[in-house]
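Working notes, structure below.
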Amino acid sequence: MEGLLDAGELPPLHGVVCNAGVHLSNALTTSADGYELTFAVNVIATHVLLRRLHAHLRKPARIVVTVSDAHFGDLRHTGGTMPAPHWAGPEIVSRPGAFDRPARIRAGRRAYTTSKLGGIHLVHEWARRLPDGIDIVSYNPSLVSGTGLARDAGRTLQLVMTWIVPLLLVTPLVDTPRAAGGRLADVVLGRTHAPTGSYVHRDRVARSSAESYDAAREEELWDWLEQV
Ligand SMILES: NC(=O)c1ccc[n+]([C@@H]2O[C@H](COP(=O)([O-])OP(=O)(O)OC[C@H]3O[C@@H](n4cnc5c(N)ncnc54)[C@H](OP(=O)(O)O)[C@@H]3O)[C@@H](O)[C@H]2O)c1
């Protein structure tokens with residue numbers, strides 16, 4: 001892709017969406033290069049992709065990183081289904097077995113909430129470093145029914161996503177993939193107003209968790225990711 005952009009065989013790049021994510025039933029699964037897989041896909045891969053593509057972006061441009069309100073890890077945002085993130089520095093949380101009882105489903109959930117917190121930290125740090133006119137925001141789709149996210153997240157979550165969450169589509173709490181994708185398009189195309197570095201909850205700017213604003217932690221994460 002970089003070669004095609006350089007050669008002018010692709011149109012100028014004005015947007016990047018980092019939407020790939022995984023949610024696993026343990027905190028032990030490893031990526032090909034030995035990192036814990038949730039952190040590898042949800043945080044490291046996002047950074048590596050942006051590192052390769054950001055120089056190709058042409059102003060005005062916007063990068064969107066899909067995160068999750070699961071990063072709050074509290075009753076209000078997750079109904080008690082997700083544990084709070086446990087950030088312990090990138091060197092530790094990127095490793096398999098970083099959380100208590102790492103073979104358990106709860107550790108997989110903690111790896112997920114921690115990685116989504118990491119995604120917001122990443123957005124804050126990139127926002128400090130990108131030039132004016134190249135914005136980056138995080139996007140929380142909230143609960144989306146009918147996606148594959150629960151496929152490796154354990155039987156209970158699969159049952160909840162298959163039988164309970166679809167019932168909630170009649171409420172404003174849950175979206176279909178089409179609706180969530182539409183909101184994601186609105187964010188990357190700039191139809192949803194959002195200053196660089198901000199957190200978009202579905203279709204409006206909101207505050208992410210208090211813990212997610214931590215410049216020292218974000219710089220540490222950046223430095224660590226730059227040596228990956
Ligand atoms: N569903 C929800 O309720 C919800 C709520 C909040 C946030 N989110 C976030 O929304 C995003 C999309 O999730 P989803 O719900 O649409 O789940 P999904 O259907 O499982 O989609 C996840 C996507 O990530 C891709 N992916 C996973 N591992 C990858 C890898 N190693 N390399 C390249 N691509 C990879 C998958 O590709 P393949 O299909 O090819 O594996 C798939 O396209 C995720 O970041 C998720 O955390 C979802």
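The values are calculated or read from the model by the stated rules, or taken from the named source; none is laboratory data. Keep in mind that what you see is a predicted model, and the values were worked out from it rather than measured. Note that each Cβ is placed from the backbone with ideal geometry, even for glycine, and that neighbours are counted across all protein chains shown.
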With respect to Glu125, is the statement that it is in contact with a Leu (Cβ under 7 Å, 6 or more places away or on another chain), at pLDDT 95 or above and more than 24 Å from Thr30 (Cβ to Cβ) true?
-> yes
Within the set of pairs 6 or more residues apart or between chains, which connect a residue that is within 16 Å of Gly190 (Cα to Cα) and modelled with pLDDT of 95 or more inside segment 134-146 to a residue that is assigned to a strand (DSSP E or B) and near the ligand (Cβ under 6 Å from one of its atoms) with Cβ atoms less than 6 Å apart?
-> Tyr139/Thr66
When every residue in segment 95-115 that is away from the ligand (no atom under 16 Å from the Cβ) and touching a Leu at 6+ places or on another chain (Cβ under 9 Å) is compared, the one farthest from Leu157 (Cα to Cα) is Gly97
Can you confirm whether segment 5-18 contains a residue that is modelled with pLDDT under 95 and touching a Lys or Arg at 6+ places or on another chain (Cβ under 6 Å)?
-> yes
Go through (1) touching a helix residue (DSSP H, G or I) at 6+ places or on another chain (Cβ under 6 Å); (2) surrounded by fewer than 24 Cβ atoms within 10 Å (Cβ to Cβ); (3) among the aromatic types (Phe, Trp, Tyr) and name the single condition Tyr112 misses.
-> (2)
For segment 31-86, enumerate the residues that are near the ligand (Cβ under 10 Å from one of its atoms), aliphatic (A, V, I, L, M) and under 25 Å from Val228 (Cα atoms).
-> Ala32, Leu37, Ala40, Val41, Ala45, Leu49, Val65, Val67
Within segment 219-227, is even one residue surrounded by 14 or more Cβ atoms within 10 Å (Cβ to Cβ) and not in a helix (DSSP H, G or I)?
-> no
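Here's the yes/no breakdown for (1) in a loop (DSSP other than H, G, I, E, B); (2) within 12 Å of the ligand (Cβ to nearest atom):
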| site | (1), (2) |
| --- | --- |
| Ile136 | no, no |
| Gly146 | yes, yes |
| Arg151 | no, yes |
| Thr162 | no, no |
| Val165 | no, yes |
| Pro172 | yes, no |
| Arg178 | no, yes |
| Gly182 | no, no |
| Gly190 | yes, no |
Going by the conditions given, is Gly8 within 11 Å of the ligand (Cβ to nearest atom) and either under 21 Å from Pro96 (Cα atoms) or out of contact with any strand residue (DSSP E or B) (no Cβ under 6 Å at 6 or more places or on another chain) (or both)?
-> no
In this structure, does Gly73 turn out to be in contact with a helix residue (DSSP H, G or I) (Cβ under 6 Å, 6 or more places away or on another chain) and touching a residue at least 40 places away in the same chain (Cβ under 8 Å)?
-> yes
Within segment 1-91, which helices (runs of 4 or more DSSP H) (wholly inside it) include 2 or more residues that are surrounded by 20 or more Cβ atoms within 10 Å (Cβ to Cβ)?
-> 45-53
Give me a count of the residues in segment 186-217 that are of a type in the set (A, V, I, L, M, F, W, C) and under 14 Å from Gly118 (Cα atoms).
-> 3
If you scan segment 175-228, which residues turn out to be at pLDDT 95 or above and among the β-branched types (Val, Ile, Thr)?
-> Thr176, Val187, Val188, Thr192, Thr196, Val200, Val205
